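Just so it is clear, none of the values below were taken in a lab; they were calculated from the coordinates. Keep in mind that this is a model prediction, so the values were computed, not measured. All Cβ positions, glycine included, derive from the backbone under ideal geometry; neighbour counts span all protein chains shown.
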Amino acid sequence: MRGLVLLVLTEVFLRYCDSRQFAYKIDRYIITCHTTDFECFKKQYKALRDNVLLGNDRLHIPTYEHYVFAYGPNTCVKLSGLEESELVSITFESDPRKYSLVLELPLRIQQVKSSTKKCAAPDRAFANVKNHVGPLMRFTGNATIGITYPYKLKKRKGIVFMQLEDENLDVILDIPDLSHFHMNSEVEAKLYRWSEWAYEVVQHVDAAENFALPYTTQLRSLLDHIPLHKFIMLYPEEEYLDLQFNYSETQLVTNP
């Protein structure tokens, strides 16, 4: 029995040390922001994107993998762009408790050759796609990702943590309609064909589940280890229990 108790205490101690070590390592990547400073929150997101959310070996956070899915017999399609995403909106609500972000990014849709690594199956199968011959297709559109995390506030040793619950995702893939382009222009005709191809391709995938979720889950995992005061600095009259604010790029434009 004494041996069992010693084993349990050892495991608890090691977990505590791991948590302290994690918090120490992450400090270099975190920008702490006041609740009134939207520009700071945008910088904070970019720092976390580049140093943590896309993967960090030091923190044992896995590398974010681009979503690559099968397209025809000998090629796949890769979706990318989250590595260039920008924060355009942030919201905190206290009743009910919700933490929301809106990201905008260039959505790159690229046809790639099949490799030794098997591509994922698309959510909706492609029909009548033959072996590809010639230049690979590609197109860049835009995407907007709305993320809402319900959250709980937890105290550990008197320190407040924000525990994010499973996120709700709203993903809009914007492939511009180029039907007004001149078909007698070789360049414009090619762009039109590529945009029509890209639009048809994204109809076959669940972008929220396969493109965005593996990335947004990284933030949920990260905040399990980081005190809330590392992210948000309160003014003397503020409390985490009733924290509430809402900032967005559109507000800055319409309400200078």
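Rank these for me by crowding, PHE41, PHE126, going from fewest to most other beta carbons within 10 Å. Walk me through the numbers before you get to the answer.
Details: PHE41 21, PHE126 15.
Exposure proxy ranking, most exposed first: PHE126, PHE41.
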Open item on the list: Let me check against my output: what whole-number percent is the relative contact order of region 45-134, with C-alpha pairs under 8 Å and at least 6 apart?
Closed with: 30 percent
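Provide the gained length on full extension for the span ARG28 to GLU86, in nm with one decimal, where the gain is 0.36 nm per separating residue minus the Cα-Cα distance. Please report the intermediate quantities before stating the final value.
Details: separation 58, 0.36 × 58 = 20.88 nm, distance 2.03 nm.
Contour length minus Cα-Cα distance gives 18.8 nm.
Just check the chain against the gyration tensor rule for me: Cα atoms, a ≥ b ≥ c as the square roots of the eigenvalues, rounded for a/c under 1.5, and otherwise prolate or oblate depending on whether a/b exceeds b/c.
Because a/c hits 1.5 or more and a/b fails to exceed b/c, the chain counts as oblate.
Grab the beta carbon distance between SER248 and SER185, set R0 = 30 Å, and tell me the FRET efficiency rounded to 0.05.
Numbers: r = 38 Å, r/R0 = 1.26.
E between SER248 and SER185, to the nearest 0.05, is 0.20.
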- [ ] Enumerate the lysines that LYS157 could reach by cross-link, defined here as Cα to Cα under 21 Å, with residues fewer than 8 away along the same chain left out.
- [x] LYS25, LYS230
Open item on the list: Less than 14 Å from a label point 7 Å out along the Cα-to-Cβ axis of ASN168: which backbone N atoms in region 133-148 qualify, by residue?
Closed with: 146-148
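Compute the FRET efficiency between LYS152 and LYS118 as 1/(1 + (r/R0)^6), taking r as their Cβ-Cβ distance and R0 = 41 Å, and round to the nearest 0.05.
Details: r = 39 Å, r/R0 = 0.94.
In this case the efficiency is close to 0.60.
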- [ ] Go through LYS46/LYS155; LYS113/LYS190; LYS46/LYS113; LYS42/LYS78 and tell me which ones have a Cα-Cα distance over 29 Å in this structure.
- [x] LYS46/LYS113
Task: All lysines inside 16 Å of LYS152 as judged from Cα atoms, apart from same-chain residues fewer than 8 positions distant - done: LYS98
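What percent do you get for the relative contact order of region 67-181 when only Cα pairs under 8 Å and 6+ apart count? Please report the intermediate quantities before stating the final value.
Numbers: 220 pairs, mean separation 29.7, N = 115.
Relative contact order comes out at 26 percent.
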Open item on the list: For region 137-201, which GluC sites (Glu not before Pro) pass both filters: DSSP loop (anything but H, G, I, E, B) and at most 15 other C-beta atoms within 10 Å?
Closed with: GLU165
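Just tell me the longest site-free run in the chain, where the sites are trypsin sites (Lys or Arg not before Pro) in a DSSP loop having at most 15 other beta-carbon atoms within 10 Å. Spell out each step's value before the answer.
Working: sites that count: ARG58, LYS117, LYS118, ARG124, LYS130, LYS157.
After excluding every exposed loop site, the longest remaining stretch is 158-256.
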